[in-house]
Amino acid sequence: MTVPSTSSDPVPELRRILCDDSGDNLALRFRALFSLKHMATQGDLSAIDAIAAAFSSNSALLKHELAYCLGQSKNHHAAPPLQAVLADLTEDPMVRHEAGEALGALSHSPSLPLLRQFLSDPEEVVAQTCELAISRIEWEASEIGRAELLQTSAFASIDPAPPTAGKEGNIEKLQRTLNDQAVPLFVRYRAMFRLRDIASPEAIDALATGFVDPSALFRHEIAFVFGQLSDPHSVPALIRVAGDKNEIPMVRHEAVEALGSIASDGVEAFLNEYAKDTEQVVRESALVALDMAEFERSGGFEYALILEGTTATEGS
């Protein structure tokens, strides 16, 4: 999908598209977002401001993705709007959670007092996210964190926790840590991302056992990791989660998005079913996932709205 640019600066037009809440154009807005994210990671402050401007949207799905992209920008200019979203008690908990996670991804130590303020938030997903963000910021600033030898990951994302350090490849051991409720959440997340980096069918099966965890935040992160892996081996587990009407929408939507990133045979029929779901965030996720699946089938190189003279890559 290409939109001609009328100026040498594509940000104003991308911002207009991203902030347009008036029509049925969510997939187009996501492509605009991923283009802006690319520019934001290159240090373009106007792109960061454009992303933040769309927090006025009525789509929780889009707003949660805005927060994720700001967290991946590696630029502290993104911190103030994220702080405002986290502190807004009227905002959807899924969006507030993503804002807190993004502050951790930015390693924004001035946000530590705010993150600590919400450790007792009545929304568990927000409280647990703040716990993780604090642990991540403190780990990165610690002597231990600076000294750890992390294996090179195939994934460029800034994650809520770094993978378990060293060459740990014992899947059974990692699975035990993943599911051990007595272990700090940050440590369990580290096992999760190490299993992601191993990326074998056995590692995927181990990750899928996390879908029975009592924490919705944890379950949603498993689905996110499956979306990163884009491995058809995870499809049966994702379909079970996405179709479970007893599961909370935050988890179901992430499973739907993961299915869209895989685009294997038979997935589209499920996505079309989820596109009629009663939950808005699930329904919207399916529509975006169908757009992504169509893109995967087309053999395209970059899932983004490309303005003439710009390049961009997919967000999450």
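The values are calculated or read from the model by the stated rules, or taken from the named source; none is laboratory data. All of these numbers come straight from a predicted model, not from anything done at the bench. Cβ atoms come from the backbone with ideal geometry, glycine included; neighbour counts cover every protein chain shown. The area values use the complete protein model at the heavy-atom level, side chains included, leaving out ligands, DNA and RNA. Shrake-Rupley method; radii C 1.70, N 1.55, O 1.52, S 1.80 Å.
Some notes on this structure:
- Asp291 vs. criteria of a type in the set (Asp, Glu) and at pLDDT below 95: yes
- Tally, over the stretch 156-169, of residues that are in contact (Cβ under 8 Å) with a residue 12 or more places away in the chain and open to solvent by 50 Å² or more (accessible area, probe 1.4 Å): 1
- Single match in Ala258, Ala242 (criterion: in contact with a Lys or Arg (Cβ under 6 Å, 6 or more places away or on another chain) and either buried (at least 24 other Cβ atoms within 10 Å of the Cβ) or under 24 Å from Ala156 (Cβ atoms) (or both)): Ala242
- Among the residues of the stretch 112-128, some residue qualifies, meaning at least one is farther than 21 Å from Leu217 by Cα and open to solvent by 20 Å² or more (accessible area, probe 1.4 Å).
- Helices (runs of 4 or more DSSP H) within the stretch 57-122 that include 2 or more residues farther than 29 Å from Gly23 by Cβ: 79-87, 93-105, 112-117
- Whenever a residue of the stretch 100-125 is more than 14 Å from Lys74 (Cβ to Cβ), it has no partner that is surrounded by fewer than 17 Cβ atoms within 10 Å (Cβ to Cβ) and among the aromatic types (Phe, Trp, Tyr) lying with C-beta atoms less than 8 angstrom away and at least six residues away or across chains.
- Out of Leu33, Leu26, Leu82, sole residue that is under 19 Å from the mean Cα position of the chain (by Cα), among the aliphatic types (A, V, I, L, M) and modelled with pLDDT under 95: Leu26
- Residue that is farthest from Gly243 (Cα to Cα), among those in the stretch 261-296 that are in contact (Cβ under 8 Å) with a residue 60 or more places away in the chain and open to solvent by less than 10 Å² (accessible area, probe 1.4 Å): Val288
- Subset of the stretch 131-156 [at pLDDT 95 or above and either out of contact with any Ser or Thr (no Cβ under 9 Å at 6 or more places or on another chain) or of a type in the set (A, V, I, L, M) (or both)]: Glu131, Leu132, Ala133, Ile134, Ser135, Ile137, Trp139
- The one condition in (1) in a helix (DSSP H, G or I); (2) modelled with pLDDT under 95 that Ala54 fails to fulfil: (2)
- Residue within the stretch 90-98 that is touching a Phe, Trp or Tyr at 6+ places or on another chain (Cβ under 6 Å) and acidic (Asp, Glu) present: yes
- For the criterion of being β-branched (Val, Ile, Thr) and under 22 Å from Asn170 (Cβ atoms), Val251 fails.
- Here Asp92 fits the description: under 24 Å from Ala161 (Cβ atoms) and either surrounded by 22 or more Cβ atoms within 10 Å (Cβ to Cβ) or not hydroxyl-bearing (Ser, Thr, Tyr) (or both).
- Filter result (of a type in the set (S, T, N, Q) and buried (at least 18 other Cβ atoms within 10 Å of the Cβ)) within the stretch 55-74: Ser57, Ser59, Gln72, Ser73
- Comparison of Leu45, Leu106 shows that the only residue that is within 30 Å of Asp9 (Cα to Cα), open to solvent by 40 Å² or more (accessible area, probe 1.4 Å) and among the hydrophobic types (A, V, I, L, M, F, W, C) is Leu45.
- Flag not set for Phe34, criterion: free of Cβ contacts under 8 Å to residues at least 60 places away in the same chain, aromatic (Phe, Trp, Tyr) and out of contact with any strand residue (DSSP E or B) (no Cβ under 9 Å at 6 or more places or on another chain).
- Taking every residue in the stretch 189-213 that is more than 25 Å from Ala105 (Cβ to Cβ) and pairing it with any residue that is among the β-branched types (Val, Ile, Thr) and surrounded by fewer than 21 Cβ atoms within 10 Å (Cβ to Cβ), at least 6 positions away or on another chain, the pairs with Cβ-Cβ distances below 6 Å are Glu202/Ile171.
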